[in-house]
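Read the figures in this text as sums done on the coordinates, not as results from a lab. Everything quoted here is computed from the prediction, not taken from an experiment. No Cβ is skipped: glycine too gets one built from the backbone with ideal geometry, and neighbour counts run over all protein chains shown.
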Amino acid sequence: MISERINQIGVSPTLKISAKAKAMKAQGIDVVDLSAGEPDFSTPDNIKQAGKQAIDEDFTKYTENEGIPDLKKAIINRLNEDHGLSYDPEEIIISSGAKNSLYHLVMALINESEEVIIPAPYWVTYPQVVTLAKGKPLIIPTKEENGFLLTADQLKSAISPATKAIILNNPSNPTGAAYQRHQLEALADIILDEDLYVFADEIYEKLVYDDFHFTSFAALGEDIKKKVIIINGVSKAYSMTGWRIGYAAGPAEIINGMAKIQSHSTSNACSISQKASLEALKGPQYEVSKMVSEFQRRRNYGLMRLQTIPDISCFKPQGAFYLFPNLSTYYEKEFEGTQIRNSFGLAYYLLKEAKLAVVAGDSFGADDYIRISYAASMEDLEKGMDRIIQALSQLKTTKKVRRVALNNTITKVKKSVPTEADINLKMRDALVAEMETHLSFENYFEWNANINGVLVQLRTNISHLYDFWVENWYPAQLEAELEPHGIIYAVDGIAGREPRAFYNSETKTGILVNTDNYGPCRSLALNLVMDVSERLFNVHAIRGMTEDIEGNGLILIGPPGTKKTELFFFLLQDKKFSLHSNDIVFVRFSGGLPLADCAERKLYLPTNTVESYHRLSKLFDNSKCENVITRKEDCQDEDCLRQDDCRLDRGSPYCYKASKGAYTMLDPYWIEGPAKHTKRTALRWIFILRYDSVSPPVVKVEIEDALRILESGQSLGVSRSLTPSKNQPFFNPHLFLSTPERMELQRKFFQRLLENTSCYLFNSGVASADRIKEIVLSEAKTK
Ligand code: PMP
């Protein structure tokens, strides 16, 4: 499993869209890429020459950890010449790009939970790198009418004892806003009185227009300089993005900390690139001015074209090479039925329909905007502007679409909870007493369910659990003196208690504490029902997915990752197969026949099942749901997040696929109609699933072998089980209590079942569902 740290961040969206544009180009699609943050100019010849010379002179070995002394000297000289700053060599570190310097800086300074102020719109990497260091990004939105600049008042009110640093990007990516000296001084006045560092990302310092005079934050005075770490590099000004050289200048102690990290990460920046960068900083600078005047021409052109678009605004940037227009008036419009809802949706539309790559403003913390880079060639810029103007003019105001009002409950607890399955009577009594005190009459729900003949009473203060409970089960008869076989308490709002489940077998009491998710409640009920019916009625449960073929039943059993659901829905498409149950069946022997019953009135189904059976999505729209994702930020589908093609961006108000923890209560009769749902079947085939690339497709298994596999909960081979360490005996996670006595009961039951059925080990890694169909249909004939 990937670390939690990584799960909190995403791939850089700018890199993602650029990669997408490159891939489309490779397919021969005429894409205009205005997403890239790099000049289209070649690296100047003198710089390339210096690189070649480094190779010829065999300057191709490790260098000093913090960078070669000559390059440090050139950086010091440049900072001195350009800004009147003086630095010692120990106050400089050269890294593999400014991004790498920033990363080491944040890692060196930020402790867990310390806050870093980041004005928005921000460069995509800032919050992510702070999160990686376990710090807390504190995003402060700036306003377009304030020129996207952070004001002194905003800064003052953002600072708290937890604040460790502020990241100030001047000029800014993505807005192009640049701070004048007096504006920086106003911020510095506040910072001087605080225990606070300034990470001054000045990578675009050379790219300023209309005679804007750039001031480095460190140049505001000796006192402030002690709190500033300048981040800079050669990528942008010298068109050297691929050479990967950046640097930091700041107090020696901090630079030393960064050097320690660097010594264990990259060792040093590329030797050849360091030599080339030396030439860049020391050599003639006229290429920079040439580039700047060209960028200014492109900026003016881009602005002029944007101004012709109705109902939008675009800030006039003083630096960097991006335009950041506000296109939010085009949201809620549509093209051929697809509604644009936000900046991602617009960027997606522009890429698909206009073959134009731009970056969604949401990536920079400003959803009303998109970022257009004019670092691309003039020709591309012209084409890109034509395309955006044409694409926006095609968008139509939406007719009021009737949105499906999803009946969705978001629970605090999202998955299974730790369980104590065999608490003693004393503990049970104490817990019940505690639960009762929280079940006040004005917020109390009680309902008796009949779960395959076992009567279970739910007592809860959680209306969502009550709702799902009533949907899930058949009601018990209404008799005044009805004595349930077991009781489940599900109580929320108990201070100081973690979400947890308890079970006492003697009194058949289940207790669910501070857990509002239905999954654990249902599992607890199933565990209770199994416990009762195994002993009282000699009825056992099997965890699996079942279908009926003309009165004969097949069950698919297996751990997660063995394609159980895909096989299940594939088979269902055959008209001879009908749906029986999706998770659990109760089996009794009658005249030697194992009769399996579906005890559920509605099926508790993970909504990502739509991936196996697309028809379900319409049915889910009309069902009660739990934890369906409605915001992209909450999406947990790693694979999907890597693509740009998100249905939440494209106008869908929810995504059924985005979380494994999203469920619905689905009426099984809705799936394929009443004729395709059978409540009772006589089990005839057991398919134990495994998933690997080497085992044989289908093997008939003897009773002893099948028993061994079932009991171990491990279907041999290399299963793709998502929780490999947690093998569930009999593949049944609802079986909480696995005392030797209970295991013996299970074994006896499965022995008898296997004597009366055919059991196959089925490798879904190599065999398709057709094989199951073949077996079942040919054997069904031989009654
Ligand atoms: N800071 C900002 C604001 C940037 O836009 C970029 C590049 N997109 C960087 C730092 C990183 O530059 P480098 O290529 O030197 O890592």
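Taking amide H positions as placed in the peptide plane 1.01 Å from N, state which residues far from residue 166 in sequence (5 or more) or on other chains have amide H under 5 Å from it.
Distant-sequence amide H within range of residue 166: 117, 197, 198, 199.
Starting from a Cα-only point model with no solvent, please compute log10 I(q)/I(0) by Debye for the range 473-606 at q = 0.11, 0.15, 0.18 1/Å.
Log10 of I(q)/I(0), two decimals: -0.51, -0.89, -1.14.
Which whole-angstrom value gives the distance between the alpha carbon centres of the range 353-396 and the range 524-542?
61 Å
Tell me, in nm to one decimal, what length is gained between residue 774 and residue 433 on full extension, where the rule is 0.36 nm per residue of separation less the Cα-Cα distance?
Numbers: separation 341, 0.36 × 341 = 122.76 nm, distance 5.64 nm.
Answer, rounded to one decimal: 117.1 nm.
Let's test this: bin the Cα-Cα distances of the range 283-377 at 5 Å from zero up to the farthest pair and state each bin's percent.
P(r) for the range 283-377, in whole percents per bin: 3, 13, 20, 23, 17, 10, 6, 4, 2, 1, 0, 0.
For the range 134-270, divide the Cα radius of gyration by the Kirkwood radius and give the resulting Rg/Rh value with two decimals. Intermediate values should be presented prior to the final figure.
Values: Rg = 15.6 Å, Rh = 16.2 Å.
Rg/Rh: 0.96.
Do you know the relative contact order of the chain, to the nearest whole percent, from alpha carbon pairs under 8 angstrom that are 6+ apart? List each step's numbers first, then the result.
Working: 1546 pairs, mean separation 84.7, N = 783.
Relative contact order of the chain: 11 percent.
In whole Hz, with x marking every Gly and Pro, tabulate ³J(HN,Hα) for the range 18-28 from phi via Karplus 6.51 cos²θ - 1.76 cosθ + 1.60, θ = phi - 60°.
4, 5, 5, 4, 4, 5, 5, 4, 4, 7, x
Using a Förster distance of 51 Å, how high is the FRET efficiency between residue 90 and residue 316, based on the Cβ-Cβ distance and rounded to 0.05?
Numbers: r = 41 Å, r/R0 = 0.80.
About 0.80, to the nearest 0.05.
Obtain the radius of gyration and the Kirkwood radius of the range 585-645 from its C-alpha atoms and give Rg over Rh. Before the final figure, lay out the partial values.
On the way: Rg = 17.8 Å, Rh = 15.0 Å.
Radius of gyration over Kirkwood radius for the range 585-645 works out to 1.19.
How much of the DSSP bridge set in the chain is antiparallel, in percent, rounded to the nearest 5? All intermediate terms of the calculation are to be shown ahead of the outcome.
Working: 66 of 114 bridges.
Approximately 60 percent, going by the DSSP bridge assignments.
How fast does the range 21-60 diffuse by Stokes-Einstein, in µm²/s, taking the Kirkwood radius from C-alpha pairs at 10 °C and 1.306 mPa s? Could the numbers behind the result be given before it?
Values: Rh = 13.0 Å.
So the translational diffusion coefficient is about 122 µm²/s.
Kindly write out, for the range 163-170 in residue order, the coupling ³J(HN,Hα) from the Karplus curve 6.51 cos²θ - 1.76 cosθ + 1.60 (θ = phi - 60°), rounded to whole Hz, with x marking Gly and Pro.
6, 10, 7, 10, 9, 10, 9, 9
If you add up the charges near residue 757, with Lys and Arg at +1 and Asp and Glu at -1, over every other residue whose beta carbon is less than 12 angstrom from its beta carbon, what do you get? Walk me through the intermediate numbers first.
Working: positive: 684, 700, 752; negative: 755, 779.
For residues surrounding residue 757, the net value is +1.
If I take R0 = 51 Å and measure r between the Cβ atoms of residue 621 and residue 748 in this structure, what FRET efficiency does the formula 1/(1 + (r/R0)^6) give, to the nearest 0.05? Before the final figure, lay out the partial values.
On the way: r = 45 Å, r/R0 = 0.88.
FRET efficiency, residue 621 to residue 748: 0.70.
Find how much the distance from residue 26 to residue 52 grows on full extension, using 0.36 nm per residue of separation minus their present alpha carbon separation; answer in nm with one decimal. Write down the numbers at each step before the final one.
Numbers: separation 26, 0.36 × 26 = 9.36 nm, distance 2.95 nm.
The residue 26-residue 52 span can extend by a further 6.4 nm.
Between residue 584 and residues 5 or more places away or on another chain, which pairs have amide H atoms under 5 Å apart, with H built 1.01 Å from N, and which residues are they?
Here 544 satisfy the definition.
With just the Cα atoms defining each centre, how far is the range 89-135 from the range 195-256? Give it in Å.
13 Å
Compute the relative contact order of the range 158-255 as a whole-number percentage, counting only Cα pairs closer than 8 Å that sit 6 or more residues apart in sequence. Walk me through the intermediate numbers first.
On the way: 141 pairs, mean separation 23.9, N = 98.
It rounds to 24 percent for the range 158-255.
What's the Kirkwood radius of the chain in Å, using all Cα pairs?
Working: mean 1/r = 0.0327 Å⁻¹.
One over the average 1/r among Cα pairs gives 30.6 Å for the chain.
Give me the number: length gained by fully extending residue 711 to residue 377, i.e. 0.36 nm times residue separation minus the C-alpha to C-alpha distance, one decimal in nm.
Numbers: separation 334, 0.36 × 334 = 120.24 nm, distance 6.64 nm.
Extra length from residue 711 to residue 377 when fully extended: 113.6 nm.
Give the dimensionless ratio obtained when the Cα radius of gyration of the range 547-593 is divided by 2.2 N^0.38 Å.
Computed over Cα atoms of the range 547-593, the ratio equals 1.25.
Ranked by Cβ crowding within 10 angstrom, fewest neighbours first, how are 238, 613 ordered? Write down the numbers at each step before the final one.
Values: 238 26, 613 19.
With the fewest neighbours first, 238, 613 line up as 613, 238.
Any chance you could list P(r) for the range 352-422, counting all Cα-Cα pairs in 5 angstrom bins from zero, rounded to whole %?
The percentages, shortest bin first, are 3, 10, 12, 13, 12, 11, 7, 7, 7, 6, 4, 3, 2, 1, 0.
Mind giving me the nanometre distance, one decimal, between the label points for residue 739 and residue 189, set 7 Å out from Cα along Cα→Cβ?
Simple spin-label model gives 7.7 nm for this pair.
Send over the semi-axes of the range 379-515's equivalent ellipsoid, whole angstrom and largest first, taken as the square roots of 5 times the C-alpha gyration tensor eigenvalues. Each step should come with its number before you reach the end.
Values: eigenvalues 504, 82, 36 Å².
Square roots of five times the eigenvalues give 50, 20, 13 Å.
Net charge near residue 390, counting Lys/Arg +1 and Asp/Glu -1 over other residues with Cβ under 13 Å of its Cβ? All intermediate terms of the calculation are to be shown ahead of the outcome.
On the way: positive: 305, 355, 383, 387; negative: 353, 382, 386.
Value of the local net charge: +1.
List the aspartates and glutamates whose Cα lies under 19 Å from the Cα of residue 773, skipping any in the same chain that are fewer than 8 positions away.
547, 548, 550, 566, 574, 672
When ranked by the protection proxy of mean other Cβ atoms within 10 Å per residue, highest first, what sequence do the peptides 751-764, 137-150 form?
Numbers: 751-764: 19.9, 137-150: 17.0.
Ranked by mean Cβ neighbours within 10 Å, highest first: 751-764, 137-150.
So if R0 is 25 Å, what FRET efficiency would residue 304 and residue 212 give, r being the distance between their Cβ atoms, rounded to the nearest 0.05? Walk me through the intermediate numbers first.
Working: r = 19 Å, r/R0 = 0.77.
Computed FRET efficiency for residue 304 and residue 212: 0.85.
Can you tell me the relative contact order of the range 133-181? Whole percent, Cα pairs under 8 Å, sequence separation 6 or more.
Values: 20 pairs, mean separation 15.2, N = 49.
Averaging sequence separation for qualifying contacts and normalising by length gives 31 percent for the range 133-181.
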